[in-house]
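Scroll down for the structure; my scribbles are underneath it.
Nothing in this text is a laboratory measurement; each read-out follows from the coordinates by a stated rule. Values in this document were obtained by computation on a predicted structure and should not be read as measured data.
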Amino acid sequence: MTQHAEYWFDPICPWAWMTSRWMTEVSQIRDVEVTWHPFSLAILNEGKDLDPGYRKHIDDSVGPARVAMAVREEAGQEKVKAFYDAVGTAIHPENTGEEDSRQRYQKAIDKALAEVGLPAELGEYADQDVYDEKLRESNARALGLVGDDVGVPIISIDGTAFFGPVMSPAPKGEEAGRVWDGAVALASYPGFFELKRSRTTGPIFD
């Protein structure tokens with residue numbers, strides 16, 4: 001029987017990127033349909049007292065999420081994953097860290113749109129709030145399923161949602177499938193809420 005998953009991502013989050021690589025692998029080896037939803041960490045952190053360096057990073061980060069939502073609204077849901085794959089690759093494994101983050105994100109957006117064959121004009125939404133209300137709705141739906149004190153990744157498995165899983169590197173092949181089977185088993189138990197340990201490694205982009 002086909003399982004239905006929903007996945008919320010902000011393109012700038014390296015941990016959401018890692019988990020999305022696992023979810024991509026799972027969709028190829030298990031009978032699961034995944035719907036990909038843009039999420040904005042910038043909107044999530046509005047009004048919060050953050051470290052100044054992280055505040056600048058978050059404020060600079062809203063562009064890719066805005067464009068992901070513009071892709072959904074103007075090119076269709078089926079284009080969201082392709083855009084995320086392309087922009088995430090440019091932001092994460094291809095990142096050289098040599099530029100201002102806002103400039104780097106805009107370059108990644110422009111590169112991704114070209115690769116996916118989407119109109120370059122969609123990149124202009126990075127600096128516009130046209131679809132911010134749609135992003136707020138997407139954020140609110142995800143947080144309504146999982147609770148308030150989380151970021152991304154957020155995954156819903158047949159209606160049961162969790163923050164995570166957070167992993168590095170992303171498992172591949174049947175190992176990815178076994179991790180998915182475990183996540184499904186946990187999601188099937190109504191009383192399960194949390195499983196966590198401290199991270200001992202950063203994102204490994206392989």
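Data table
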| quantity | calculated |
| --- | --- |
| Overall form of region 79-184 per C-alpha gyration tensor (a/c, 1.5; a/b vs b/c) | oblate |
| Stretchable slack from Glu194 to Asp148, in nm (0.36 nm times residue separation minus alpha-carbon distance) | 15.2 nm |
| Ellipticity estimate at 222 nm from DSSP helix runs (n ≥ 4, -39,500 (n - 2.57)) divided over the chain, nearest 500 | -15500 deg cm²/dmol |
| Alpha-carbon centroid distance for the pair region 5-63 / region 114-134, whole angstrom | 17 Å |
| Most fluctuating residue given options Gly97, Gly151, Gly53, as computed from a GNM of the chain linking Cα atoms under 10 Å | Gly53 |
| Amide H partners (placed H, <5 Å) of Phe9, local residues excluded | His37, Phe39 |
| Options [x] 69, 32, 28; [y] 102, 32, 30; [z] 43, 39, 32 - which one matches Cα extents along the principal axes in Å as calculated here | [z] |
| Within a Gaussian network of the chain (alpha carbon springs, distance under 10 Å), most fluctuating of His57, His37, His92 | His57 |
| Antiparallel bridges, percent of DSSP beta bridges restricted to the chain (to nearest 5) | 55 percent |
| Phi to ³J(HN,Hα) by Karplus 6.51 cos²θ - 1.76 cosθ + 1.60 over region 197-206, Hz, x for Gly, Pro | 8, 5, 6, 10, 8, x, x, 10, 8, 10 |
